[in-house]
Amino acid sequence: MLHTTAQAESRCTDRAKTLLKPAEVSCSYRTTWIDSGIVGARQVIYQTPVGTPPAGGWPVVLIYQGSFFALDDFTYTSNLPFGGYYEGKVIQTLLNNGYAVIAPSAPADLFWQTNIPGLAQAYELTTDYDFLGNVLDAIGTGHFGPLNAQRQYATGISSGGYNSSRMAVSFPGKFRALAVQSGSYATCSGPLCVVPELPADHPPTLLLHGFVDSVVPWWSMDLYYDRLLYQGIETARYTEPLAGHEWFAASPGKVLAWFNAHP
């Protein structure tokens, strides 16, 4: 059963919008560096909930950045592009409901290697594979605190959405559930999208997408959704009819509910 921290106790603070300042959500964080192979270490920021962890440790969510939007801290304002403020609300919601959050950095803070032409089919040769494998190992050894390596989840937007899908392909058995925001299958890239047969142990996957997304077309997500359904893998799809390539106000609640449903 999920250990829930009291809502009055939080690592995060909210500031309402004023005439001169945008709304802001800000969560405290810690920083570490994890080896990524031949190019050296990458930054990881993370935080655990307030309170006493459950017996097995906090369940943990890895959140993956979108292209060119590094997660250097956990502060988000309502004037950020791509619904960035609601990414902050996702982090706040997870922390306030008993999930640790870990945000690894993409190479040079740019984008993930999961769907780069020439690398997508040789993913195990990438620095991402080394790096994220080391992050998962660090979770297991207690580097980030008392976390439950049996209750790992992943989410992210855009490049980070594709990278969330990559967890099902290249890190089998490591994740309880995934939530893909404005992305699709691990090797797809915008309108270039073919979804192959999926691993039989693919985790339950929630797909959140704006119907008028011009960067990652809605139909490319739907190809993934249809493949999950066809293979009998648990899935759900949430579409914002008027939204583009962005996090939504609904995203925090949808992501939390999906992860809560897969303990």
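Here, each number is a calculation from the coordinates, and none is a lab measurement. Nothing here was measured: the structure is a model prediction, and the numbers come from that model. Note: ideal-geometry Cβ built from the backbone for every residue, glycine included; neighbour counts use all protein chains shown.
Numbers for the structure displayed
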{"item": "Test for D137: is it without any contact (Cβ under 8 Å) to a residue 12 or more places away in the chain and not in a loop (DSSP other than H, G, I, E, B)", "result": "yes"}
{"item": "Residue identified as touching a Ser or Thr at 6+ places or on another chain (Cβ under 6 Å), farther than 20 Å from L110 by Cα and not hydroxyl-bearing (S, T, Y) among F259, F171, F211", "result": "F211"}
{"item": "From A41, A70, residue being under 19 Å from V135 (Cβ atoms), surrounded by fewer than 24 Cβ atoms within 10 Å (Cβ to Cβ) and either polar (S, T, N, Q) or in contact with a helix residue (DSSP H, G or I) (Cβ under 6 Å, 6 or more places away or on another chain) (or both)", "result": "A70"}
{"item": "Of residues in segment 212-241 being farther than 21 Å from G253 by Cα and β-branched (V, I, T), the one nearest to the chain's Cα centre (by Cα)", "result": "V216"}
{"item": "Strands (runs of 3 or more DSSP E) wholly inside segment 1-106 that include at least 2 residues being within 14 Å of the chain's Cα centre (by Cα)", "result": "41-47, 58-64, 100-104"}
{"item": "Test result for L132, surrounded by 18 or more Cβ atoms within 10 Å (Cβ to Cβ) and assigned to a strand (DSSP E or B)", "result": "no"}
{"item": "Unique match (being in contact (Cβ under 8 Å) with a residue 24 or more places away in the chain, surrounded by 15 or more Cβ atoms within 10 Å (Cβ to Cβ) and of a type in the set (D, E)) among D201, D222, D213", "result": "D213"}
{"item": "The lone exception for V169 - which of (1) among the aliphatic types (A, V, I, L, M); (2) buried (at least 22 other Cβ atoms within 10 Å of the Cβ); (3) closer than 20 Å to L132 by Cα it fails", "result": "(2)"}
{"item": "Pairs, first within 20 Å of H202 (Cα to Cα) in segment 142-165, second of a type in the set (D, E, K, R) and not in a strand (DSSP E or B), C-beta under 7 Å, six or more apart", "result": "R151/R176; Q152/K174; Q152/R176; Y153/R176; I157/E87"}
